[in-house]
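Scroll down for the structure; my scribbles are underneath it.
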Amino acid sequence: MTDLSHGKTYPPSPEWQARAWVNPQTSQEMYDASVADPELFWDEHGQRIDWFKPYTRVKNTSFAPGAVSIRWYEDGVTNAAYNCIDRHLETRGDQVAIIWEGDDPSESKHITYQELHDEVCRFANVLRNRNVSKGDRVTIYMPMIPEAAYAMLACARLGAVHSVVFGGFSPDSLAGRIEDCGSRVVITADEGLRGGRKVALKANVDAAIDRLPPGVDVDHVIVVRRTGANVAMDPLRDVWYDAAREMVTAECPCAHVDAEHPLFILYTSGSTGKPKGVLHTTAGYLVYTSITHKYVFDYHDGDIYWCTADVGWVTGHSYILYGPLTNGATTLMFEGVPNYPDMSRFWQVIDKHKVNTFYTAPTALRSLMQAGDAPVKATSRASLRLLGSVGEPINPEAWEWYHRVVGDNRCPIVDTWWQTETGGVLISPLPGATTLKPGSATLPLFGVRPELVDADGKVLEGAAEGNLVIADSWPGQMRTVYGDHQRFMDTYFATYPGKYFSGDGCRRDADGYYWITGRVDDVINVSGHRMGTAEVESALVAHASVSEAAVVGYPHDIKGQGIYAYVTLMSGVEPTETLRKELVGWVRQEIGPIATPDLIQFAPNLPKTRSGKIMRRILRKIAEDDFGALGDTSTLSDPAVVDELVNNRQNKR
Ligand code: PRX
């Protein structure tokens, strides 16, 4: 078993213990109470949100094989936008809710809770005028501008269900998501702006709609003006948001929705098939994102909090918008990228807005680390108090750099483990309570019961390595795969019946600390973005020259994992550099730039078992440059294939 720590530990400082909501002792007491009596614990925290009608039942959940059902606070009635906005107006109307920092450093905006209210109401009225009502799905394909937040909260206000699609996805991917949830309304912008480069969002929406099968219709496309580009507008279908906004008032009532009313769908990749529509509902999700935002980031009134994610991912949903706004926080939303106009941008933004808490992904840190310490040291960062990491394992080297250089040895780091499916953080340090070990997500949060199991499902005790499962429900958990509850049960509850299976491998050390080792299924994590290898494979085989493809991840210094594709060509097709480039471009066009293969190896044959199954274990080892560990190849139908692959391996070290 590899020792991932460097043996170093960082106990919470006396100042942190004094300041934080919980210290080592109180956090332990709170955790023990939360798992001893979850009903009582989550009843108490059900008060974190306001209810139009209070609930009487806290938890009604079952992980039973074939009958998985997850319901929290089920007879309560509430509204997410009300909790994020309206209830704060009396005390915080003039407080800044969202600080928006544009791609261009000269552009920023401060939006108060009152302004947020007015803008969300206007957006909701524009949607209402286009017949959007409770339960309707609305697809949002937007850059990181305040209108993305207005649009999401406007849906919540009406009880409509938003499905945000990351702006880096291709028209094909967007079309698949529009079709799957049957959105009749799409919200987009003329163009996005990132790192000085324009992204043709409206043109992509047009292309996506053109690709929808007969009978699937989008009635309205609402277009926010961002760059002022001259884009095609269909007069019957498309409307400029700024024009529509002028026609409506800044008042719009909140729909009263059941606790379990769907709040949003977010598509995520799995090991098989097309992306799944992860469905989150209203009350449990808000309670969970709000409690975790409060304790993990030790949020206090007046703090300036910045999560660098895009709202196209779950981190943006839970920890830019819903968690912070439920808590009445000031949350920063950043349109740009870490290296534009230069490598100091993150740290400049921290100084400009006096950011106290900064939450980002290891991949960003690793790329910034490569530029050395100078771009960091050129800034003060005196306002920083707490740092966070999310999306993939953070290697101890990046952790130490983050701690020493970015945080000047002063700021604890919360390494937060969670997933699109979990809605919020499940395993993480608490800054005033937990002794940190670089590279470990440390301990479970309140109410969370992780277990490690072996391949047969046997629960492992003490220090051990196995597959990470969660033994009981928590309020932020996804409720179903949109339109396919069977798939939900099969994906998460069938491998280890009665438990939620995360798909991650994990080690637990003698102190009970959790060390996530990465996915154990055919999902890879590229720059903190989740990608199903099957999706990349099906894009590749859709190309006329490709007969077969197998995709695996391999260690990549910056991205964490890179995409390695083994491609068998149709007979008679020559493996050329031009074709290699063409295939890379093809996958970008089919899925989007985040799926760009890093390496393509033309392989006349792939290693298969006698029954014809591709042996991915071997392909992974070759891609990892780990030839000594190829293991048993005797079950291959043609063992010579492996030598050929090894000899032609791409990035040889
Ligand atoms: O493998 C884990 C990894 O990211 C996966 C979830 O990806 P996604 O649903 O896109 O959500 C990312 C943001 C929450 C997990 O199965 N992962 C996430 N956070 C960590 C992590 N791996 C190690 N350490 C983390 N802190």
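The values are calculated or read from the model by the stated rules, or taken from the named source; none is laboratory data. Nothing here was measured: the structure is a model prediction, and the numbers come from that model. Note that we place each Cβ from the backbone using ideal geometry, even for glycine, and neighbour counts take in every protein chain shown.
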All conditions in (1) within 16 Å of the ligand (Cβ to nearest atom); (2) surrounded by fewer than 21 Cβ atoms within 10 Å (Cβ to Cβ); (3) in a strand (DSSP E or B); (4) not basic (Lys, Arg) are true of Glu548 except (1)
Meets criteria (touching a Leu at 6+ places or on another chain (Cβ under 7 Å) and touching a residue at least 24 places away in the same chain (Cβ under 8 Å)) for Met152: yes
Output the number of the condition that Asp456 fails; it satisfies all remaining conditions of (1) charged (D, E, K, R); (2) closer than 28 Å to Asp37 by Cβ; (3) part of a loop (DSSP other than H, G, I, E, B). (2)
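Based on what the data block shows, is Gly195 closer than 25 Å to Glu246 by Cα and in contact (Cβ under 8 Å) with a residue 12 or more places away in the chain?
No, not satisfied.
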Residue pairs qualifying under the 6 Å Cβ cut-off, at least six apart or on distinct chains, with the first in the stretch 617-642 being under 20 Å from His556 (Cβ atoms) and the second being of a type in the set (Gly, Ala, Ser) and not in a helix (DSSP H, G or I), are Leu619/Ala550
Are any residues in the stretch 212-268 within 16 Å of the ligand (Cβ to nearest atom) and not hydroxyl-bearing (Ser, Thr, Tyr), and if so, which ones? Phe264, Ile265, Leu266
Extreme residue, surrounded by the most Cβ atoms within 10 Å (Cβ to Cβ), among residues of the stretch 337-384 that are in contact (Cβ under 8 Å) with a residue 60 or more places away in the chain and part of a loop (DSSP other than H, G, I, E, B): Ala361
Just one of Val138, Val126, Val132 is within 19 Å of Ser183 (Cα to Cα) and under 21 Å from the mean Cα position of the chain (by Cα); which is it? Val138
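Would you point out which residue out of Gly505, Gly498 is at pLDDT 95 or above, away from the ligand (no atom under 16 Å from the Cβ) and either in a loop (DSSP other than H, G, I, E, B) or in contact with a Gly (Cβ under 8 Å, 6 or more places away or on another chain) (or both)? Lay out the reasoning, then the answer.
Working: Gly505 fails: away from the ligand (no atom under 16 Å from the Cβ).
Going through Gly505, Gly498 in turn, the sole match is Gly498.
State all residues of the stretch 505-545 that are charged (D, E, K, R) and either touching a residue at least 40 places away in the same chain (Cβ under 8 Å) or surrounded by fewer than 20 Cβ atoms within 10 Å (Cβ to Cβ) (or both); if no residue qualifies, say none.
Of everything in the stretch 505-545, those that are charged (D, E, K, R) and either touching a residue at least 40 places away in the same chain (Cβ under 8 Å) or surrounded by fewer than 20 Cβ atoms within 10 Å (Cβ to Cβ) (or both) turn out to be Arg507, Arg508, Asp509, Asp511, Arg519, Asp521, Asp522, Arg530, Glu535.
Could you list, in sequence order, all residues of the stretch 100-158 that are of a type in the set (Gly, Ala, Ser) and surrounded by fewer than 22 Cβ atoms within 10 Å (Cβ to Cβ)? Give the steps one after another, and end with the answer.
Filtering the stretch 100-158 for residues of a type in the set (Gly, Ala, Ser) gives 102, 106, 108, 124, 133, 135, 148-149, 151, 154, 156.
The answer is Gly102, Ser106, Ser108, Ser133, Gly135.
Please verify whether Pro475 is within 16 Å of the ligand (Cβ to nearest atom) and farther than 29 Å from Gly592 by Cβ, treating the condition exactly as stated. Show your work before the answer.
Numbers: within 16 Å of the ligand (Cβ to nearest atom): no; farther than 29 Å from Gly592 by Cβ: yes.
Criteria not met by Pro475.
Which residue is nearest to the ligand (Cβ to nearest atom), if the candidates are limited to the stretch 386-435 and must be assigned to a loop (DSSP other than H, G, I, E, B) and surrounded by fewer than 21 Cβ atoms within 10 Å (Cβ to Cβ)?
Taking the stretch 386-435 as the starting set, the residues that turn out to be assigned to a loop (DSSP other than H, G, I, E, B) are 391-395, 407-412, 418-419, 423-426, 428-435.
The next check asks that each one be surrounded by fewer than 21 Cβ atoms within 10 Å (Cβ to Cβ); those that pass are 395, 407-410, 419, 435.
Working: Asn395: 10, Gly407: 17, Asp408: 23, Asn409: 21, Arg410: 22, Gln419: 4, Thr435: 17 Å.
Residue satisfying both the conditions and the ranking: Gln419.
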Listed residues Ile594, Ile622; which is within 34 Å of the chain's Cα centre (by Cα) and either under 20 Å from Val520 (Cα atoms) or not in a helix (DSSP H, G or I) (or both)? Ile622
Go through (1) of a type in the set (A, V, I, L, M); (2) under 30 Å from Leu263 (Cα atoms); (3) surrounded by fewer than 23 Cβ atoms within 10 Å (Cβ to Cβ) one by one and return the number of the condition Ala329 breaks. (3)
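Looking at Pro362, Pro412, which one is over 23 Å from Ser13 (Cα atoms) and within 24 Å of the chain's Cα centre (by Cα)?
Values: Pro412 fails: over 23 Å from Ser13 (Cα atoms).
From the options Pro362, Pro412, the qualifying one is Pro362.
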Count of the stretch 519-545 residues which are more than 15 Å from Ser173 (Cα to Cα), more than 16 Å from the ligand (Cβ to nearest atom) and either touching a Cys at 6+ places or on another chain (Cβ under 6 Å) or in a loop (DSSP other than H, G, I, E, B) (or both): 3
Considering the stretch 280-320 alone, what residues qualify as being away from the ligand (no atom under 14 Å from the Cβ) and assigned to a strand (DSSP E or B)? Thr281, Ile304, Tyr305, Trp306
